[in-house]
Amino acid sequence: MLPGIIGVGLLFHLAMNLVVLARLDYSIGWYSLLDLGGIVAGLYTTDLISNFIHWLGDCDIPWKNRFLARFHELSMLHHKRPADILSLGFFHIKGNIAFFYSPQLFLAYLLAPIASLSPLVFFLLVISNLMLLAHSIHKACHKKNAGALLAWLQSMRLIIPTTYHLAHHAVPYNRNFAAINGWSDPLFYRLVA
């Protein structure tokens, strides 16, 4: 992907976030707890989505289209050489997918002026931004020293801990698919069992 297009995708994503937050008819009140619920629900839902996407890439499903077959091929390559992910820069992946998460931002933009829908706005913002960061969270699990902030986030289980994710890299690669925090694993395993 061309660097200019990558930059445009990321700038557009950032600008849409700022516009949504600016349009939000928000004042701290009783519904702030509901907003927190929207944020937590967004964390859980994004984890579930990341579980499904990672599982889909790892499973050898005969009906996959060409895109999914390529995704599966890259996923299997990652299992064989997990440290290769460390060579990918932030912009390598982010710009390619930033526009993909725009529909949630457009919906959040439309809903932002409606104060009673602020939990839904926060839910959409969390999904859009965490899906954009999922690759970076996954990459952090492969670093020997991810830094103090990431180590703290991992210890609080707000993002997946390294030991949790590395268990996924054991043959037959059939567990710990989550790329966010692993909160949705019990539901996910029931859905795909």
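Averaged per residue, the stretch 98-184 has 47 square angstrom of accessible surface, using a 1.4 angstrom probe with ligands and nucleic acids left out. Once both labels are positioned 7 Å from their Cα atoms along Cα-to-Cβ, the gap between Trp152 and Val40 label points is 2.1 nm.
When each of the peptides 19-25, 116-122 is scored by the mean number of other C-beta atoms lying within 10 Å of its residues, the order from highest to lowest reads 116-122, 19-25. As a fraction of the 1.4 Å probe accessible area of the stretch 110-193, surface on carbon and sulfur atoms comes out at 69 percent.
The values are calculated or read from the model by the stated rules, or taken from the named source; none is laboratory data. These numbers come from a predicted model, not from an experiment. All Cβ positions, even for glycine, are placed from backbone atoms using ideal geometry, and neighbour counts span all protein chains on display. These area figures cover heavy atoms from the full protein model, side chains too; ligands, DNA and RNA do not enter into them. Shrake-Rupley method; radii C 1.70, N 1.55, O 1.52, S 1.80 Å.
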